[in-house]
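The values are calculated or read from the model by the stated rules, or taken from the named source; none is laboratory data. This one's a predicted model, so the numbers in the text were calculated from it and none came from an experiment. A quick note on method: Cβ atoms are made from the backbone with ideal geometry, for glycine too, and the neighbour counts reach across all protein chains shown. Keep in mind that these areas ignore ligands, DNA and RNA; they rest on the heavy atoms of the full protein, side chains included. Shrake-Rupley method; radii C 1.70, N 1.55, O 1.52, S 1.80 Å.
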Amino acid sequence: MKLRNCVITLAAVLTLGLSACGGSKKAQTSEAETAVQVPAFNADSAYLYVKQQTDFGPRTPGSRAHDLCGDYLAARLEAFGAKVYNQRADLTAYDGRTLKARNIIGAYKPESKRRVMLCAHWDSRPWADNDPDKSKHHTPIMGANDGASGVGVLLEIARQLQQQTPAIGIDIIFFDMEDCGTPQFAETLADDSHTWCLGSQYWSRTPHVEGYNARYGILLDMVGARGSTFLKEGVSMQYAPQIVKKVWKTARKLGFEAYFVDENGGYVNDDHGPVNEIARIPCIDIINCDLNAELSSFGNFWHTEDDNMDIIDRATLQAVGQTVLHVIYNEK
Ligand code: AHN
Ligand code: ZN
């Protein structure tokens, strides 16, 4: 069974070490006090931002599509009123190749000490190595869900942030080189979990602003597929259980309980790992988990040529985007 490839074993998690769980304890407040105007998330707009990324083609590091899409993302954030940072680094891939990485950060209210970070990876996987058809294994994927969906939701949130400012500062972080982890066709014996999430590892050691901190982070990964279900992911529950509870409770209140399922999922090796363990910012992962899928717990299209616009559904983008908007506009 392929599930092994995407879920960290419990033994590995235990060796990661424990840290204090994040999220400040707040006094109980009445409903009236917490009632703030939350903007309406526009799923058509988010869908368009997902499509515009895939229109560049696979955004694999080193490609022209990657270059151009990076410019597009930085330009969108700038147009939506963010202070934009381009963090460039030469990072070493699993096979020893040096690749040019670019983390793209859009800061809102950069002067505020009260901050929340929202993140997603913007690169797409260079190999369809989970495709049942072996002849496809060396073909790059479109990554409409795996990559572009999280970024699309965050671009729509950026557009909303320009129109109505929330009480706190927000950082939108697009991590590069999440998805260059050792392919299944490469024969490696050692633990290779560190070959994933290279951009977020770099950012977590060297944030775009010295001494950067945030109350918490929310990572969006694979948040656009039709019929997605988001289970409470293991690393998120370990480091930021209060944030998981707050987000799932908000989703339920908004009527999205079919997407945000009140069940525990597996432990996923994703960009929130370095954010929790290196940057020490409590960060959760909203990530599709389909325990009934045969090929992968991330869905049968995961790391295959089927991860294209055909599987993207505005309703899923809406559930995630509206929930995250509610959470951040309710921060004080
Ligand atoms: C692994 O399969 C090792 N990690 C899943 C994280 C991921 C891959 N997110 C997107 N692509
Ligand atoms: Zn992936």
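Across Arg159, Arg59, Arg88, mean-square fluctuation computed from a Gaussian network of the chain (C-alpha pairs under 10 Å connected) peaks at Arg88.
Charges were assigned to the Cβ only: +1 to each Lys and Arg, -1 to each Asp and Glu. The resulting dipole of the chain about its Cα centre is roughly 1300 debye.
Given a 1.4 angstrom probe, I'd like the percentage of the accessible area of the chain that is carbon and sulfur, rounded to a whole number. Taking all protein chains in place, the chain shows 51 percent carbon and sulfur surface. The C-alpha atoms of the chain define a longest principal axis, and helix 64-79 lies at about 0 degrees to it. Within the full protein context, the accessible area of Arg115 is estimated at about 10 Å² for a probe radius of 1.4 Å.
Tell me the angle of helix 314-329 to the major Cα principal axis of the chain, expressed in degrees between 0 and 90 and rounded to the nearest ten. On a 0 to 90 degree scale, this one is about 50.
Charged side chains reduced to their Cβ positions (Lys and Arg at +1, Asp and Glu at -1) give the stretch 226-309 a dipole of some 660 debye around its Cα centre.
Among the trypsin sites (Lys or Arg not before Pro) in the stretch 210-260, those located in a DSSP loop and surrounded by at most 15 other Cβ atoms within 10 Å of their own Cβ are Arg226.
Taking a ≥ b ≥ c as the square roots of the eigenvalues of the Cα gyration tensor, an a/c ratio below 1.5 marks the chain as rounded. Using the structure shown, select from Lys100/Lys245; Lys253/Lys332; Lys136/Lys249 the pairs with a Cα to Cα distance greater than 29 angstrom. In this structure, Lys100/Lys245; Lys136/Lys249 exceed 29 Å between Cα atoms. Could you tell me how many degrees, from 0 to 90 and to the nearest 10, lie between the Cα long axis of helix 241-253 and the main elongation axis, the longest principal axis, of the Cα atoms of the chain? Approximately 70 degrees, to the nearest 10. Comparing Gly273, Gly211, Gly234 in a Gaussian network model of the chain (Cα springs below 10 Å), the most mobile by mean-square fluctuation is Gly211.
Taking the Cα centre of the stretch 46-111 as reference, the dipole from Cβ charges on Lys and Arg (+1) and Asp and Glu (-1) amounts to some 40 debye.
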